[in-house]
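Before any comments, here is the structure.
The values are calculated or read from the model by the stated rules, or taken from the named source; none is laboratory data. Predicted, not measured: the structure shown is a model, and the values here were computed from it. Glycine gets a Cβ as well: all are built from the backbone with ideal geometry, and neighbour counts include every protein chain shown. Each accessible area value is taken on the protein alone, full model and side chains, heavy atoms only, with ligands, DNA and RNA left out. Shrake-Rupley method; radii C 1.70, N 1.55, O 1.52, S 1.80 Å.
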Amino acid sequence: MSTRHAVFPLELGLADEVPSHALGRPLGIEVAGLRKRFGRIQALDGVHLQVPMGSVTALVGRNGAGKSTLIRVLATSVLPDTGRVEVCGHEVAADPMTVRRQIGLTLGEDRSFFWRLSGRQNLEFFARLEGLGRRTLEARVDYLLSAVELSDVAGRRVDRYSTGMRSRLGVARALVGDPRVLLFDEPTRSLDPPSATAVRQLLRTLMSGGARCALLATHDLSEALSLADQILVLRGGRVVARHVPPFEVGEIEYDLQGVQ
Amino acid sequence: MTTAIVSGSLLDAPGPARTARWWSVAAAFIRRDAATAFSYRMPFVIGLVQSFFSLGFLYFLGRLIGPRISTVATRGSYFEFAVVGSVLLVVLSSTLVSMAQRLRSDQSTGTLEVLFTMPYRPSLTVLASSAYQVLYATATAVVTLAIAVGLGLRFHISPLGGLVAVGCFVFATGLFVALGVAFAAYVLVFKRGETLTSLAMTGVSLIGGVYYPLSLLPHALRVFAEVVPFTWVVGVLRQSLLYGQVPAFRLLELAASDAVAVPVALALFAAALRHAQRRGTLGQY
C-alpha cells in the first residue's frame, strides 16, 4: 500500500471544506490530470480527485459527463491518454495486475452474468477466479448472498432473476474478492427502495473499518447525500465542484445543472 | 488470514491481496462450462450422437471405396485413414475456434469486461475459457477411436512411434492454441470472428488431407497444403499410428513452431487488448 495520504483541498484548490476524518489517511484512489478521448469526444478532460481509505466519494453528473469512463479507467479496462491514475499507490496503466487485486467492480450491467448458471454458481465462479480457497469461498458466498438478500433464490438460474436481483448479485460479485477499493457504477439503479437501502447499509458497514474506500457513480442525489463523504460533480469530463458535509443540496443541484 | 475471511464476512479489514493460480482459474472455467453444457441437455446428447453418425458415414464410405482402391490411394484401409484425420480435425478445430467463440460470447453477454478485471492476466481468461471444449473434444475423440476399433480400425504402433504420436498431439495442441489465441485477438478488435474461423475450418477440411490424400490436389494447392500445420500433424499421426513409422524429425519441426507461434500469438493478443482498452471497446459487442 502506498504511503501517500489525503492532502486535499490544498492540492486541488476546489473546495474549502474537507471531511475531517479523511485527512491524513492513506489514499485508496488518486487521480491527477486524467484525460481520455474517444475519437472526437473528450470523455475526461483533466480530472483530479482523491479518495482516502475509509471514505465514500460519490460521482454525480448528467449522462455523458464521464462517470463510467472514470470508473473503467480505474478498473483497468480503459487506458488513460494522459495523467496519473493510482489505486492503492499502484499506477493503473503500468501495474494493472496489482490494481486488479485491490478492486471490486460493478458496471451497472445487469446482463454481465452467465445466465444458464444460478446466482450461487455465478458467485462461486468469480470467487474461484479471485483465488479463494474452498472453505473461504463457501463462507464468503453464503455471507454475500445473505447480505444482498438473495439467499432464498441462490439456486435459481440468473435468467430467471429480475433486473433488481441481478443488480444485487452484481454488488455481491464486486465484494466476493474482499477488495480494498470499491468501484460502483450505479449499483442501485434498478433496485426497489428497500433493496437499495440494504445495499447502502452494506456499503456503510464495509467503510466503517477504515480499510476500504468506495467511488460511487450515481444519478441518485439522495443516495450520494446519504452515503458520501464527498460529492464530486462531473461535467464535460471535468470535476467542476466538490462538496463535503454538511451538504447544501441546492448548491449541488445548481452545479449539476451547469448554469454559469 | 483474518477471522472475518474464514467466516465469510467482510466486516474486518480486507485480507491479503488476492492471487489466483492458473490451474484454479482453468478449473473454474471448466466447471462453469460443464454446468452450462449440462443445462442444455439435448444439444449435449445430440452432439455425442452426431460424432457417432460421422463415424458411421466414414465406415460405409470406406466399404464403398474398398481395399483395392484404398491400398493404393491411402496406403491401407480408407476407414482407418479417414478416422484418424477426422478425429484430429475435431480436436484441433475445437482448439482453434473455441477461444474466439467464447470471447465473442462473453462480448455479447457483457461478461468479458468483468472477466478482464480479474486479478490475473487476461490471456489466461482466453486460454482457460477454451479448456472445457478442448477436453470435451478430446474425450469424444477417444471414445470415437474406441468405437472405430470395434468397426475395424487397427493401429500399427511401435513403442517409439507411440511416443512420437503423443508428442505430436501435445505439440499440435500447443500450435493450435497459439492460432486460437490469434483468432481471439482478431475478435477482440473486429468483434465478428465467425466468418474467419469458419473459413479456416473449411480450408483445413479442403487441404488438410483429412478425407483424401494430398496427391489428389492440384500441384499449386498441394504446395500450399504442405505448409499448413494441420497437414504435418495428420501426416505424423498416420505414420506413427497406422504405418508403424517414427517420423521424429516432424516432431522437432512442430516443437520449433510452438516455440515461435505461442509467444507471437500472446504478443498479438496483448496488442489487441491494448487496442480495445485504448478505444474503450471491451464492454461493447
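Quick notes on this structure:
- Some residue of region B:192-201 being more than 17 Å from the chain's Cα centre (by Cα), in contact (Cβ under 8 Å) with a residue 12 or more places away in the chain and within 30 Å of A:LEU74 (Cα to Cα): yes
- Unmet requirement for B:GLY56, which otherwise passes all of (1) within 30 Å of A:MET97 (Cα to Cα); (2) in a helix (DSSP H, G or I): (1)
- Considering only residues in region A:117-164 that are under 17 Å from A:LEU105 (Cα atoms) and β-branched (Val, Ile, Thr), the one that is farthest from the other protein chains (Cβ to nearest Cβ) turns out to be A:VAL148.
- Restricting attention to region A:226-247 and to residues that are in a loop (DSSP other than H, G, I, E, B) and without any contact (Cβ under 8 Å) to a residue 60 or more places away in the chain, the residue that is surrounded by the most Cβ atoms within 10 Å (Cβ to Cβ) turns out to be A:PHE247.
- Scanning region A:208-222 for residues that are closer than 28 Å to A:TYR254 by Cβ, surrounded by fewer than 23 Cβ atoms within 10 Å (Cβ to Cβ) and touching a residue at least 40 places away in the same chain (Cβ under 8 Å) yields A:HIS219, A:LEU221.
- Of all residues in region B:144-156, none that is modelled with pLDDT of 90 or more has its Cβ atom under 6 Å from the Cβ atom of a residue that is surrounded by 14 or more Cβ atoms within 10 Å (Cβ to Cβ) and charged (D, E, K, R), 6 or more apart or on another chain.
- Where helices (runs of 4 or more DSSP H) fall wholly inside region A:95-151, the ranges with 3 or more residues that are at pLDDT below 90 are A:134-147.
- Listed by position, the helices (runs of 4 or more DSSP H) contained in region B:72-169 that have at least 3 residues being open to solvent by 10 Å² or more (accessible area, probe 1.4 Å) and either touching a strand residue (DSSP E or B) at 6+ places or on another chain (Cβ under 7 Å) or not aromatic (Phe, Trp, Tyr) (or both) are B:78-109, B:122-129, B:131-150.
- Hits in region B:258-280 (condition: more than 14 Å from every other protein chain (Cβ to nearest Cβ) and open to solvent by 30 Å² or more (accessible area, probe 1.4 Å)): B:ALA259, B:VAL260, B:VAL262, B:PRO263, B:VAL264, B:LEU266, B:ALA267, B:LEU268
- Residue check, B:ALA178 more than 25 Å from A:ARG72 (Cα to Cα), of a type in the set (Gly, Ala, Ser) and more than 14 Å from chain A (Cβ to nearest Cβ): yes
- One residue from A:VAL78, A:VAL92, A:VAL73, A:VAL85 being open to solvent by less than 10 Å² (accessible area, probe 1.4 Å), at pLDDT 95 or above and at the interface with chain B (Cβ under 7 Å from one of its Cβ atoms): A:VAL78
- Condition check for A:ARG101: at the interface with chain B (Cβ under 9 Å from one of its Cβ atoms), over 16 Å from A:ARG156 (Cα atoms) and open to solvent by 20 Å² or more (accessible area, probe 1.4 Å): yes
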